[in-house]
Amino acid sequence: MTRRSLVQFIRRSLAAAAIAVTIASCASPGGDAPSAQYLTGFNAPATPSAEPFANDDVSYWDGDQAQGSPLIRINRLQQKAYFYKGGVLVGVSKVATGMEGYATPAGSYKVIQKVPAYVSGTYGIIRRKATGETVNPDATARVTPIPPGCEFVGAPMPFFMRFYAGYGMHEGFIPGYAASHGCIRLPGRMVRIFYNAAPLGTPVIVE
């Protein structure tokens, strides 16, 4: 058994006790589904799972050959996302959930929208139109004043997977602690894998 296989075996063993609880919790929805306007699907290009995880000793993926229904579990305390296929843990990713005052809501949801090149309509920056210079790196649309000659630019949220109202998973900065405005950020490589492995309707458990 290789070192990587041994590490994956240990991780699966540690998570085994949580699998039954995770699957059972899918039977009790924890939030109302958003309106039908969100039910739109897109495809993203596949990403090889053989790429190295630079500076990341947490994330891994071993689900390319696995079969069974997908399920994603988000653990806010651990700041990790767990991906299951047929009740078997096949991947783990570091995440950054909502910071204090913007907590990602706990509950049982489903992936209801997938957009590979999503842009936030709420959070972003204020920049000068003429030069592109950022004058406010943390702006909120319709709230933050926009100086003359400037404009609001929404934050990019690549490989966005909406699971409830304004909340979703997407690529973003992972500082090692809860730091978002409520969405769940994943590293670039892992969000692409999750995006391609999670069709619309995939259960998402936030705990």
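Among the conditions (1) touching a strand residue (DSSP E or B) at 6+ places or on another chain (Cβ under 9 Å); (2) at pLDDT 95 or above; (3) farther than 25 Å from LEU200 by Cβ, the only one that THR131 does not satisfy is (1).
Matching residues to (1) free of Cβ contacts under 8 Å to residues at least 40 places away in the same chain; (2) over 30 Å from LEU71 (Cβ atoms); (3) surrounded by 19 or more Cβ atoms within 10 Å (Cβ to Cβ):
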residue: VAL90; (1), (2), (3): yes, no, yes
residue: GLY101; (1), (2), (3): yes, no, no
residue: PRO116; (1), (2), (3): no, no, no
residue: THR140; (1), (2), (3): yes, yes, no
residue: GLU151; (1), (2), (3): yes, yes, no
residue: MET169; (1), (2), (3): no, no, yes
residue: TYR177; (1), (2), (3): no, no, no
residue: PRO199; (1), (2), (3): no, no, no
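Looking across the range 136-167, the residues that are on the phi > 0 side of the Ramachandran plot and not aromatic (Phe, Trp, Tyr) come down to ARG142, GLY149, ALA165.
Does the range 79-99 contain at least one residue that is modelled with pLDDT under 95 and at positive phi?
No: the range 79-99 contains no residue that is modelled with pLDDT under 95 and at positive phi.
Regarding VAL206, is this residue in contact with a Gly (Cβ under 9 Å, 6 or more places away or on another chain) and under 17 Å from LEU71 (Cβ atoms)?
Values: in contact with a Gly (Cβ under 9 Å, 6 or more places away or on another chain): yes; under 17 Å from LEU71 (Cβ atoms): yes.
Spelling it out, VAL206 is indeed in contact with a Gly (Cβ under 9 Å, 6 or more places away or on another chain) and under 17 Å from LEU71 (Cβ atoms).
When the strands (runs of 3 or more DSSP E) confined to the range 84-155 are screened for residues that are within 14 Å of the chain's Cα centre (by Cα), those reaching at least 3 such residues are found at 88-94, 113-128. Listed by first and then second residue, the pairs with beta-carbon distance under 6 Å, at least 6 apart or on different chains, first residue in the range 56-69 and within 15 Å of LYS94 (Cα to Cα), second among the small types (Gly, Ala, Ser), are SER59/SER93; TRP61/SER49; TRP61/GLY91.
The values are calculated or read from the model by the stated rules, or taken from the named source; none is laboratory data. All of these numbers come straight from a predicted model, not from anything done at the bench. Here the Cβ is made from the backbone with ideal geometry for all residues, glycine too, and neighbour counts use every protein chain on show.
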